[in-house]
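For reference, the structure is listed below as structure tokens.
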Amino acid sequence: MRQANEPSTGQQIAVSVALLVIDFMLIAWAVYGVGIAGWADSYASDSVVPTGASQAASQGAWLLGGGAVLTGGGLLALGWRIPGIVQLVVLGFGVLLVFSLAAG
């Protein structure tokens, strides 16, 4: 049963969709950064130093993971369950995607 002060399901879905647009832009930016860094690494001759792709993946993962914890956890704490769970799942998937690109 829904509490009187909780947002409606329609409001939660609308917020989820709006946040998905921002999430996908952040994930695309992180994937693009890893891709460009990997492309630039292909021209580097010294493989002793950490690659730019791994550094870009680390930065992107911290950004996406921190965003998942802050927005998803904050929304869950405020009682917005649907957008909170969506944030945690989508941004968590983004972290895995960025790391898989750097590893491969």
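Please treat every number below as a calculation from the coordinates, not as lab data. In this text the structure is predicted, and so the values were computed from the model without any measurement. Neighbour counts are summed over all protein chains in view; Cβ atoms, including those assigned to glycine, are modelled from backbone coordinates with ideal geometry.
Label positions at I13 and I85, each projected 7 Å from the Cα along the C-beta direction, are separated by 1.4 nm.
Length gained on full extension, Q55 to S42: 3.2 nm, using 0.36 nm per residue less the C-alpha separation.
Temperature 37 °C, viscosity 0.692 mPa s: under these conditions the Stokes-Einstein estimate for the chain, based on its Kirkwood radius over C-alpha pairs, is 221 µm² per second. Over the chain, Cα pairs under 8 Å with separation of 6+ residues give a relative contact order of 36 percent.
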